[in-house]
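Accompanying notes for the structure given below.
Rule-based calculations on the coordinates, nothing more; no lab input. Remember, it's a predicted structure, so these values are computed and weren't measured experimentally. We place every Cβ from the backbone using ideal geometry, glycine too, and count neighbours over all the protein chains shown.
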Amino acid sequence: MKEAATLLNLEQFDLHTWMANFPLAPEQAKLSVLRLMIRYQLDPLCDEVTLMCVQNQYWRALITIDGWSKLINNHSAFMGIQFHECVRGENQPPEWMECTIYRNDRQHPIVVREYYLEVATEHPTWKAMPHRMLRYRVLQQAARLAFGISGGAVLDQARHEQLIDQEDCKTQKSLPNEHDMQPGGIKKSHSSSDQTKASVKRIDQLKDFLDPANY
């Protein structure tokens, strides 16, 4: 943890406090997210990496949309990116979307296509913003292939929805009315009142993070 804090120019206390948001996460999952922070210089306080209880108390270290954007733009070989979609008709979601990533050390670009019917879920966000949601998904998959990023699962919108909706993984009573997975830091104050306010704030921040209008 000290190495990760030093690399990210964070106070070790702040990183430790962020990690305390996930009291039910096993040590292996915490080590995995620390490795992601160190390997790719991802800042958890900026919602670039997080931990999430996927199902049945199984925890994963995950790279968020902000994290993927940082990795893409900071890569020395990155030259540009394009998106193309197949529109089926007015007020209809795209049939598919392609993401093309250009590298200055490759003769041909990397092209990935994702189909709406294969990746869309029943979450209302997919209905409201199908183009943006599909773009998030294809961006993540293209970045994985273009830059060989490994060591962490892809945090796609379906898993973001689990972050909002899941009720299986509850946090300890010291954090009232809070889901386990809330990316970002919390206030240093340890009073019950301050923790409650911090919990509500993190939930609001997460909802804003999931809002496609913010991207």
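Going by the conditions given, is Gln82 closer than 29 Å to Leu117 by Cβ and among the polar types (S, T, N, Q)? The answer is yes for Gln82.
Of the helices (runs of 4 or more DSSP H) contained entirely in segment 96-148, those carrying at least 1 residues that are touching a Pro at 6+ places or on another chain (Cβ under 6 Å), in contact (Cβ under 8 Å) with a residue 12 or more places away in the chain and under 26 Å from His75 (Cα atoms) fall at 130-147.
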